[in-house]
Amino acid sequence: MEAPDGFKRCPDCREVKELSEFGANKRMPDGRARYCKVCFRRRSAASYRKRRAEQGKTVRERVEVPEGCKYCPRCSTVKAKEEFGRNRAARDGLTSYCKSCHKQVTLENRIKNHGSDRNYKLKLRYGITEDDFERMLARQGGLCAICRVVPGTFVDHCHTTGRVRGVLCFNCNNGLGHFADNLVLLELAALYLEGEVLWPEFVVLSEGRGDSPVARTRTYHLSRRYRVRHEDVERMISDQHGLCVVCWDRPPERVDHCHRYGAVRHVLCLPCNTGIGQFRDDPEVVRRALSYVEAAAEYGFDEVVVSDEELEELIRAEEEARSEFYSRVTRVG
């Protein structure tokens, strides 16, 4: 039975359809494809699956995804778009895998390309490999390069140059961080632990702490832990001119005491108090930390030729900085 004008019969589904339901094909007499678009897609998909099967591969079936969701091909789950990370290069702006699968794929790729996740992180952060780390630790006898008691586990590096210095334990590495690798602060901390406080002649007084209310349990807590009262602590802070007696730069926040004998020493800022605690209240460990940082420091300077005009400008800038400093400080010595 012939199809009426403007219509055509598909030999697959045997249905008579409008010519617009058939794709274009210049090689056919009517300029239209042999099969309708629906049957053509079905045939094309079947042919593609056959070719992939011959290659030993399978074709993922299309999954209907609701609005606001996305399909993760790794875990074969439809999840909300919030479960996917961001990827500006993708058409939808999201990663191909959900966050948990993306994390696992990233880890597998790191292991495949770098041997292990730790090796990847060592290369990325410090420019060394696990073998380099093990050699450094072996040269240190397997112990922290500063305290020489606890096994070394953390790579230590200079935050200014990025140069790796050694392998430290958690406490020593954290202690250096609290003192910001500052040689002067380390020296002052060692002297402080040896019982010597260097009182400055000039200080930059901090702003008053205000009349904030004191917790009712503060005196109880201080008396139970340090055998002092709130008034005693405030008097100590006043005697210290409202500054930490180690760095003389920050307001005191923590009552510092000797962990061996329990005697209260002074009131320190949080970084100095924590740093001293990380170094186990031991001046010898602090001095070893000082020597460790000094040994790794680079003292080489290129000779620079300075003109008379530049020298005069440097001298003028130094005098201005000195004048500005003395305008801010208060004589206490």
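Identify the single condition in (1) touching a Pro at 6+ places or on another chain (Cβ under 7 Å); (2) at pLDDT below 95; (3) among the aliphatic types (A, V, I, L, M) that V204 does not satisfy, given that it satisfies every other one.
Of the numbered conditions (1) touching a Pro at 6+ places or on another chain (Cβ under 7 Å); (2) at pLDDT below 95; (3) among the aliphatic types (A, V, I, L, M), the odd one out for V204 is (1).
Out of Y220, Y226, Y261, report the one residue that is out of contact with any Gly (no Cβ under 6 Å at 6 or more places or on another chain), hydroxyl-bearing (S, T, Y) and in contact (Cβ under 8 Å) with a residue 24 or more places away in the chain.
Y226
Quick grid of which residues meet (1) closer than 30 Å to V167 by Cβ; (2) basic (K, R):
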position	(1), (2)
H241	no, no
R254	yes, yes
L268	yes, no
A296	yes, no
E310	no, no
R322	no, yes
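Could you list, in sequence order, the residues of the range 124-166 that are assigned to a strand (DSSP E or B) and closer than 21 Å to R280 by Cα?
Once the filter is applied, which keeps residues that are assigned to a strand (DSSP E or B) and closer than 21 Å to R280 by Cα, the range 124-166 yields L143, P151, F154, V155, D156, G166.
Would you check which residues across the range 29-52 are of a type outside the set (G, A, S) and loosely packed, with under 12 Cβ neighbours inside 10 Å and list them?
Listed by number, the residues that qualify are P29, D30, Y48, K50, R51.
Residue by residue, here is whether (1) touching a Pro at 6+ places or on another chain (Cβ under 8 Å); (2) modelled with pLDDT of 95 or more; (3) surrounded by fewer than 16 Cβ atoms within 10 Å (Cβ to Cβ); (4) in the same structural domain as Q278 (by TED's automatic domain parsing) holds:
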| position | (1), (2), (3), (4) |
| --- | --- |
| R91 | no, no, yes, no |
| S100 | no, yes, yes, no |
| Q104 | no, yes, yes, no |
| R125 | no, no, yes, no |
| A138 | no, yes, yes, no |
| C144 | yes, yes, no, no |
| H159 | no, no, yes, no |
| G162 | no, no, yes, no |
| C169 | yes, yes, no, no |
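All but one of (1) exposed (fewer than 14 other Cβ atoms within 10 Å of the Cβ); (2) more than 26 Å from the chain's Cα centre (by Cα) hold for E134; which doesn't?
(2)
Just to check your reading of the model, which residue among Y292, Y226, Y220, Y261 is closer than 30 Å to V164 by Cβ and hydroxyl-bearing (S, T, Y)?
Y292
When the range 119-161 is examined, which residues are found to be small (G, A, S) and free of Cβ contacts under 8 Å to residues at least 12 places away in the same chain?
Selection gives A138, G141, G142.
The values are calculated or read from the model by the stated rules, or taken from the named source; none is laboratory data. Keep in mind that this is a model prediction, so the values were computed, not measured. Note that we place each Cβ from the backbone using ideal geometry, even for glycine, and neighbour counts take in every protein chain shown.
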